[in-house]
Amino acid sequence: MSAYVTILPYLFLGLLGMTLGHDIKGSTHCEFYNSTRCIENEEGCSGREECAPSEPDKRNHCFVLWKYDSALKESKIVLKGCFLDSKECYDKPHCVEKSADRKQQMFFCCCDGNMCNQNYTWDPQPTEPPPPVKEIEPVPNPDQQVITLLITIAIPALFVMVGLPLMFWCYRRRKLGYFNEVPTLEPLPLPQPSPNLGLRPIQLLEIKARGRFGAVWKAQFKNDVIAVKVFPMQDKQSWQTEQEIFKLAHMDHEDILHYIGVEKRGDNLQAEFWLITAYHEKGSLCDYLKANVVSWPEMCRIAESMARGLMHLHEEIPANKADGYKPAVAHRDFKSKNVLIKADMSACIADFGLALIFQPGRPCGDTHGQVGTRRYMAPEVLEGAINFTRDSFLRIDMYACGLVLWELASRCTIQDGPIGEYRLPFEEEVGLHPTLEDMQESVVHKKERPFILETWRKHPGLFAFCDTMEECWDHDAEARLSASCVMERVATLSRSLVLNSSTLIRVDNTESITTKESSM
Ligand code: ADE
């Protein structure tokens, strides 16, 4: 069962707190911890969190949610962080769970004060002793029997049959309100918290993709179809990183997913973070290649725009009259799932939740280099041996770019021979769910790379394309091509006209496409 379902009872505590007034306090800091992210070794899974400024007359508290493993007799923290205004937590300097009742072995405590959730305790209070049994019970008359029956059986039964479903319905309605309904002016069963005022009337229609951080929905806003990426509370950091990247100068670019805005929906443990962007019906390159093959011009168009998008992301652009300074940015999770196919078959780059900004003269600030998707990790990342410099991070993106070029070529109809089913890079070598060790063994020790069929090389354009991918995934990071070089090469290729499988006629005067531009 997910922690989200298990913490449901605690959500009511948060809701309860929203209606209670109190003096404003200064900014509160709480210890932050997210077990899911820590298990996956993700950066930012623990640390210190500054609680979002509370509204006037609302307090911020800290909380701990933990699980008790009765077999191992040990507690495991599930979540730690900020918790908005709840009377339960008022004036409690220590985080103590007093309930003796271990509901699904989940425990919760909250407290008042900076970092008060660093430590937590379970201090079960004895439940009230049952009233002494009277020696002689008077025999009740029939009326009394009906009343007793009502109190002991009918009312609890009614609560179970009607009250609980109603409470659950209220909760679902609140939840689905964010997911499926255009906010209306009709009162909802539970009061809408004030942070929701002024939100765009967005109707979530269907889930298009599920990623590391939440789900991407196809949605409607007025007459426009848009995409909404919904980040659960524990992935707030990725939501923040992603909007920070989108808000950089020069990021409104045709080869970068178009950003529309962000919203925070809900409160406390129910909070969700939305990222609103353009919607592309064809979906990700990965999904597209699973269902379709691509012609030579289509492949070139996708590859060129994808490389141009990566080049733009990697580029440092000085401020000009129209726009400010854009620092270089590394994507750090480049893969075919994070490349979207637009209606005109060009591509744009998406998903900047792990991206890293390089401000000149400042250390890149990353503490954990081994992030991203294992399958696409460059050998130096798998080995845990990266230099924390801008160029190292850009070269790691280029390794992944080589794998995406291979995915494209594997589904290109220009190859001589039957086109196989879509396969992920290294699917043949390590299967569908490789461990880090599987990837290390294949990529670092055996120096394997996705297999390039002889038949691909029979076509001169595809021959050059294969050379390009091989130069992207070079074991030696410094030998890898840059995004601008890949873009130039593919642009040259696509401008060339293919007559037959052995002759290429160039439509302009650029040098031969099979020449290696080693200076690039
Ligand atoms: N999958 C992920 N992001 C998407 C988007 N913006 N449009 C369509 N499909 C997507």
Q: Based on the mean of other Cβ atoms within 10 Å per residue, sort peptides 324-332, 375-383 so the most packed one is first.
A: 375-383, 324-332
Q) Tell me, what is the Rg over Rh of the stretch 345-432, with Rh the Kirkwood radius over Cα pairs? A) 1.04
Q. Largest first, how would His433, His368, His61 line up by accessible area (1.4 Å probe)?
A. His433, His368, His61
Q) Got a sec? What order do Arg210, Arg374 fall in by accessible area at 1.4 Å, biggest, i.e. largest, first? A) Arg210, Arg374
Q.
With a 1.4 Å probe and all protein chains kept in place, how do Arg362, Arg308 rank by accessible area, largest first?
A. Arg362, Arg308
Q: Starting from the amide H of Gly211, placed 1.01 Å from N in the peptide plane, find each other amide H under 5 Å away whose residue is 5 or more places distant or on another chain.
A: Val216
Q: Give the accessible area for Met311 in Å² (nearest 10); use a 1.4 Å probe, count only protein heavy atoms, and leave out ligands, DNA and RNA.
A: 50 Å²
Q: Would you please classify the overall shape of the stretch 215-367 from the alpha carbon gyration tensor, given that a ≥ b ≥ c denote the square roots of the eigenvalues, rounded means a/c under 1.5, and beyond that prolate means a/b larger than b/c while oblate covers the rest?
A: oblate
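Between their Cα atoms, which of Lys76/Lys247; Lys290/Lys326; Lys229/Lys326; Lys229/Lys321; Lys67/Lys236; Lys326/Lys447 are more than 29 Å away from each other? Don't skip to the end; give the middle numbers.
Values: Lys76/Lys247 37 Å; Lys290/Lys326 35 Å; Lys229/Lys326 24 Å; Lys229/Lys321 33 Å; Lys67/Lys236 22 Å; Lys326/Lys447 36 Å.
The pairs that break the limit, which is 29 Å between Cα atoms, are Lys76/Lys247; Lys290/Lys326; Lys229/Lys321; Lys326/Lys447.
The values are calculated or read from the model by the stated rules, or taken from the named source; none is laboratory data. In this text, all values refer to a predicted model and were calculated from it rather than measured experimentally. Using ideal geometry, Cβ is built from the backbone for each residue, glycine included, and neighbour counts are taken over all protein chains shown. These area figures cover heavy atoms from the full protein model, side chains too; ligands, DNA and RNA do not enter into them. Shrake-Rupley method; radii C 1.70, N 1.55, O 1.52, S 1.80 Å.
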